[in-house]
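The structure under discussion appears below in the form of C-alpha cells.
The values are calculated or read from the model by the stated rules, or taken from the named source; none is laboratory data. All figures in this text were calculated on a predicted structure; none of them were measured in a lab. Note that each Cβ is placed from the backbone with ideal geometry, even for glycine, and that neighbours are counted across all protein chains shown. The area values use the complete protein model at the heavy-atom level, side chains included, leaving out ligands, DNA and RNA. Shrake-Rupley method; radii C 1.70, N 1.55, O 1.52, S 1.80 Å.
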Amino acid sequence: MLYPSVGDEVKMKRTNTVIKIESRVAEGGQGVVFRGVDSGGHDLAVKWYRKNKYLERQYNQIENLTNYSRPHPSFAWPIDIVNHPTIVGFGYTMEWVEARFVSLVEVLKKKVQPNFRTLITIGIELNEAFSALHSRGLCYRDINFGNLLVDPYRGDVSIVDNDNIGSESSRQGIKGTLRFMAPELILGNSSPSIVTDLYSLAVFLFYLFMHGHPLEGQKVNASYTWDKGQEQSETVKVTHFFGREPLFVYDPSDASNRPEYDSPVLRWWDIYPEFFKGVFVKAFTTGLKEPSLMKRVTETQWRGALHQLNDQLFSCGCGAAVFKDFDIPDKRCWNCSMTPSSVPILEAPSGACVLSPGFKLTRHHLFKDFDYKDSIGSVEPHPNIPGELIFRNTSNISWIIEPVGEGVKEVKPGQRMQVRPMKMHFDKIGTTISNP
Amino acid sequence: MNDLNSLMPGGGISRRSLHFFILADCSGSMKVDGRIQSLNYAIASIAPTLINWEREQEQAQIFVRAIAFADQAWWHIESPQPIDLLNWVPLTHVEKGLTSMGAAIRMVADAISPEKFEPRSLRPVILLITDGKPTDVEEFEIGLRELFSLPAGKAAIRLAVAIGQGANVSYLSRFINDPDIPVLVAENVDQIAVKLTAATLAISKMSSIGSDRKQVSEQIILPAVNSFIQADDDTIV
Amino acid sequence: MTTQLFEKTLEQFWYVEMTSEKGFMHIRNNMPLQDSISSSGNLYSEAGPIFLAVADGHGDISHFRSSTGASIATSLTIEILQQFADKVQLAGQTEKDRLISSDNIVETVLKDIVSNWKTAVLDDLANNPFNSNEIKTIEARKLTDYESNPTVAYGTTLIGCTIIGSVVLFVQIGDGDVVVMAGDGSVYNPIPIDPSLVSNRTTSLCQKNPIQSFRISVINIESTPIDMIMLSTDGFGNSQIEPNWYKGVLTDIASFSQKHGMLWVRENLPNWAKLCASREGSGDDTTIGLIVSEHLLNRHEYGGKI
C-alpha cells in the first residue's frame, strides 16, 4: 500500500490526535490529498507524500514549517506530520480549504466579474499574506493559479501547497510555474527566493486586475506561426520572451509588445488610475531586468497602492464602477465615455479620497501611521434620500463638523452624517469634504 | 534657483539632512530560519516608505549609512547615500560569526561625534536590526554610554527591529531607552516612517528643560482613535 | 580684551539692516513667526551707540508662547544695553574698564536681562492667563513643570550686540550665530560655537539659572577693527551647504555692499532670508541682522561674488 485508504486513521505526530480519512480529493505530482475529520468533527486536509528520493528532505521541510507559527491566516499552513499505523512514509495535515475558494482562472473566465472592492480586497489579502511570509525571511517559491485560491464574493484568499516554503538557504527542487517565474529563474541564473516571489506576486496581481499576462503582447504572439518548419519550439520561445528579452506590454519606452487588439488587458488597463499603473510599470521594467529587493516592487509599495486604489473608486452615473484619477481630472468613464459628474472628495492627510458607498476611513487616512485595519468611518447610501450618501462614525471619538453655511455640529460615535461640503475635525486632524 | 543662489552670499543653501544609520546583525545565528533574508527584506521595505516620506514632508533629505556586525563591526555603506539612490547590496551572515553589537554602536557613536557629524543635520535616526543579544556585552555597555554622552546620540531617534521568533528584546529596549517606543518586527517596518516625524521636529526646538526622551515619544505617539462597535444611532447629522 | 583706548569716541558710521522671515515649516504647521529682531541707535547718521538684538522663540509646542517671549527678549535687551551704554559713555577710564569687565557684565547686563525678561513674561501671563487650549497643551506635557516655572511657555534664545564707541559687546544664550568680519577681511566667531547645541536642544532664557549658559564677548575695535557684524538665527546657518559658511557669506556680503551699495543689500537681504526659510533651505524662521561699517564701503579688496 502506498497511500492510506478511506476509513483509515492517521495520527498526528506531536499531539497523537487521530484523523479519520473521509475521502480522496486530489492527486498531484508529489502525492495525494485527502479530506479527514478529527475526533471533534473538524474537517482537515491530509496530504500523503508519494515515495520518492527526496522524502527525507520533504519530511524535514514540513517538520520545520510546523515549528513556525502561521505567518498569516490566509496560509493553509502545515499543522503536523501524520503517520499511518502500517503504511511507510508520511503525510501532513493542514486546515481544510473550503469550497468557496477557487482558482483565479475560474474567476477570470466568468462573465460577471467580482466588483472592484472585492478585487482590491483580494489583492490586499494576498499582499498581506506574502508580506508576512517575506518579513520572516521565508519564500513561497511557487506562486501560481493553482496555489493562490480566492473567494470571489468575500474577497478572502487561501494559499495552499505550503510545502515548498522555506528560507532561501534551504534547498528545494522546485523552480516554479512557468508563467509566474522571474526571468532570472527561467534563464537558470538563480534559484527561487523572496526576490523571485516578488516578481511572481506582481504577475499574479497583473492577472487579477488586468486579466492577462504582463509580457504576452504582439511581439510574443507574432512569434507564433502557422508555417510549419518556421515554428520555434515552446522552450526556445519561453526562454526568449520570458527570460532573455522579456518586454512589458506597457513598457513606456518600447511599444512593440502592446497587448493584441482582442486582449482583455487593453480594456482593463485603461480603467485604472495612472498612479496604480505606474506600480506595474515599475514591477515590469526595472523590476523585470534588475532582480533585487530594491528594484522589484515590495509588499510595502503594493499595500499603499492597493489602499489608495480603494480610496478612488466610485460609480459613474451610468452605473459603471470607475476610478477617480487625480492625474487626469476629466477622465472619461470606460463604459459610457462621458466624464462622470463630480463626486464628494475627502481631503485626508494621506491623500484625497472619493466618498462613495463602501469607502472605509482608517487611521492611516488621518495619521499616516500605516494602520489600515480598523475602520473608523464608513460611507453608505442615504437610507431615505436616493443619490445622497451618509458617513457613519464607527470610531470611539466624536467628529466635529462645520458644514458650509451651517453651524458647528457633533457626530457622536455610532451616529451618521449626510455627506456635504464641510470642514471635519477628527481629534487634532482637520480635513474637508468638497464637491467640486 | 541658480540665479537667486548666485545673488546670495555664501556657498548656496539646501535642505537639512537626516542621517539614517542602519546597524545590521550578520552573526552566525542570522543564518537560520531565513533571518538574514528577513533583515534584507525589512530594509528593502523601509526604503520606499522613506522615499515617500522625504517627498511629502519637503523638509529634509535622507542619507543612509549602514554598519554590519558579526565578529567585528564594519561599514556596509560608509559614505551617506541619498535614500532615493540607495542601492542595498543584500547582507549575508558570517559563518559562526559573533554578535559584536557593542562595536557597531561604538562605530555609530563615533560617526555622530561632534567632530564628524554635520552640525546642521536633523536628529539622526539609528535603526538596529538583530536577532539576539550582543556577545560583546562590555563593548555594548561602553557603546551605550558613549552614545548617550553625545548630544546627537542622546537626541537620536533610536529604533530597533527584532528578527526571528523569540528574539531577546531586553538589549534592544536598552538601546531604544524609551518605554514608549516599542521594538518593531520586520512585518511592521513601514511604521518607521511614522517615527521619523519626530526627527524633523528639530525645527520645533526645545529648551533643555523637561525630560529628554519623554517629549520625543510624546511627539510620535498619535491619538488613540480606534474602531468602536456601538449600537446604531438613528440620528443623521 | 584690552580696554586702554576707550576714552576716545570713534567717528564711525554704521549701517544696520534687519530682516525676519517666517519659515516654510511654520507656515505649513500654522505656527507664528517665532523669531524677533529689533535695533536702536542713530543709524546712518552718526557714530554709535547702536544696539541690535535677535531672538528665536523655541518651536516646540511646550513653548507655545515663544513668539511673545522672543519679542519681549529683544525689546528689553535693547533697553538694558542702552542703560549700559549710558553708563559707559559717562564713565571715566577706570570706571569704563570696570564696567566692561566680564564680571560686571554678568552682574549688570545679564542679570537684568534674565530678571527683566522673567518679570515681563510673568506680567504678560498675569494679563493673559493660559487659555483652555494652552491648558490642554500643559496637561499633555506632564513632565514639564509649568506650575513652578511658567516662563517655559515663553522659551527663547537671545543674541544681543551693542557698539559703544570703540567697544563692541556681544551676549548670547542658545543657538544662532554671531559672525564678525575684521578690518583685514578675516572672519571669526567672537562667541565660540557651543557644540552641545545640536538637533533640537538649545539653552534658553526660560531655563533654570540662564546666566550660566550665557556667553559674552567684548571687542575693542580700535585695536581690532570690525568691518561687519552679522547676527542670525539658526534658520540661516542650518540652510547653508557649507558647514563653515561664515567666511564665504560675510565676504560675499562685503563684496555686494561695495559693488552695489548698501541700498541694494537692504533690498536683497529679505530675499536671502526668504530662501533660507523656504522648503529649499532650513524651512525655519530666519532672521538676519547686519551691521556694516562705512569703512568697508570705501575699501575694494573683497574677492566675493559681485
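Yes/no matrix, rows are residues, columns are (1) open to solvent by 10 Å² or more (accessible area, probe 1.4 Å); (2) assigned to a helix (DSSP H, G or I); (3) on the phi < 0 side of the Ramachandran plot; (4) within 10 Å of chain B (Cβ to nearest Cβ):
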position: C:MET228; (1), (2), (3), (4): no, no, yes, no
position: C:LEU231; (1), (2), (3), (4): no, no, yes, no
position: C:GLN258; (1), (2), (3), (4): yes, yes, yes, no
position: C:VAL265; (1), (2), (3), (4): no, yes, yes, yes
position: C:LEU269; (1), (2), (3), (4): no, yes, yes, yes
position: C:TRP272; (1), (2), (3), (4): no, yes, yes, yes
position: C:HIS295; (1), (2), (3), (4): yes, yes, yes, no
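One line per residue, one yes/no per condition, for (1) touching an Asp or Glu at 6+ places or on another chain (Cβ under 8 Å); (2) among the aliphatic types (A, V, I, L, M); (3) surrounded by fewer than 19 Cβ atoms within 10 Å (Cβ to Cβ):
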{"site": "B:GLY28", "(1), (2), (3)": "yes, no, yes"}
{"site": "B:ARG35", "(1), (2), (3)": "yes, no, no"}
{"site": "B:ASN40", "(1), (2), (3)": "no, no, no"}
{"site": "B:PRO48", "(1), (2), (3)": "no, no, no"}
{"site": "B:ALA73", "(1), (2), (3)": "no, yes, no"}
{"site": "B:LEU86", "(1), (2), (3)": "no, yes, no"}
{"site": "B:GLU95", "(1), (2), (3)": "no, no, yes"}
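If you check A:THR300 against the conditions, is it among the β-branched types (Val, Ile, Thr), at the interface with chain B (Cβ under 10 Å from one of its Cβ atoms), under 26 Å from A:ALA132 (Cβ atoms) and touching a helix residue (DSSP H, G or I) at 6+ places or on another chain (Cβ under 6 Å)?
Yes: the conditions hold for A:THR300.
With a cut-off of at least 2 residues that are among the hydrophobic types (A, V, I, L, M, F, W, C) and modelled with pLDDT under 95, name the helices (runs of 4 or more DSSP H) lying wholly within segment A:273-378.
Once the helices (runs of 4 or more DSSP H) in segment A:273-378 are filtered for at least 2 residues that are among the hydrophobic types (A, V, I, L, M, F, W, C) and modelled with pLDDT under 95, what remains is A:363-367.
From the list A:TRP48, A:TRP77, which residue is open to solvent by less than 10 Å² (accessible area, probe 1.4 Å) and in contact (Cβ under 8 Å) with a residue 12 or more places away in the chain?
The match here is A:TRP48.
Scanning segment C:35-75 for residues that are within 12 Å of chain B (Cβ to nearest Cβ) and more than 13 Å from C:LEU205 (Cβ to Cβ), which turns out modelled with the highest pLDDT?
Per the criteria, the residue is C:ASP35.
Would you mention how many residues in segment B:28-42 are more than 8 Å from chain A (Cβ to nearest Cβ) and either among the aliphatic types (A, V, I, L, M) or within 20 Å of the chain's Cα centre (by Cα) (or both)?
1
So how many residues does segment C:233-256 have that are touching a residue at least 60 places away in the same chain (Cβ under 8 Å) and open to solvent by 20 Å² or more (accessible area, probe 1.4 Å)?
Summing the residues that are touching a residue at least 60 places away in the same chain (Cβ under 8 Å) and open to solvent by 20 Å² or more (accessible area, probe 1.4 Å) in segment C:233-256 gives 3.
Out of segment A:119-164, which residues are closer than 17 Å to A:TYR372 by Cα and open to solvent by 10 Å² or more (accessible area, probe 1.4 Å)?
Selection gives A:THR121, A:ILE124, A:GLU125, A:GLU128, A:ASP156.
Restricting segment A:372-386 to residues that are at the interface with chain B (Cβ under 9 Å from one of its Cβ atoms) and open to solvent by 40 Å² or more (accessible area, probe 1.4 Å), which is farthest from A:ALA352 (Cα to Cα)?
Within segment A:372-386, the match that is farthest from A:ALA352 (Cα to Cα) is A:ASN384.
Looking at the structure I just gave you, is C:GLU301 at pLDDT below 90 and open to solvent by 40 Å² or more (accessible area, probe 1.4 Å)?
Answer is yes for this residue.
Quick check: is even one residue across segment A:165-182 within 14 Å of chain B (Cβ to nearest Cβ), under 20 Å from the mean Cα position of the chain (by Cα) and open to solvent by less than 30 Å² (accessible area, probe 1.4 Å)?
Yes, segment A:165-182 contains at least one residue that is within 14 Å of chain B (Cβ to nearest Cβ), under 20 Å from the mean Cα position of the chain (by Cα) and open to solvent by less than 30 Å² (accessible area, probe 1.4 Å).
Using the structure shown, decide if B:ALA104 is small (Gly, Ala, Ser) and in contact (Cβ under 8 Å) with a residue 60 or more places away in the chain.
For B:ALA104, the condition - small (Gly, Ala, Ser) and in contact (Cβ under 8 Å) with a residue 60 or more places away in the chain - is met.
For segment A:104-146, which residues satisfy the criterion of being more than 14 Å from chain B (Cβ to nearest Cβ) and among the acidic types (Asp, Glu)?
A:GLU106, A:GLU125, A:ASP142
Can you name every residue in segment A:251-309 that is touching a Leu at 6+ places or on another chain (Cβ under 9 Å), over 30 Å from B:ILE43 (Cα atoms) and not hydroxyl-bearing (Ser, Thr, Tyr)?
A:ASP254, A:ASN257, A:ARG258, A:PRO259, A:GLU260, A:PRO264
Kindly check whether there is at least one residue in segment B:22-41 that is of a type in the set (D, E, K, R) and not in a helix (DSSP H, G or I).
Yes; the residues of segment B:22-41 include at least one that is of a type in the set (D, E, K, R) and not in a helix (DSSP H, G or I).
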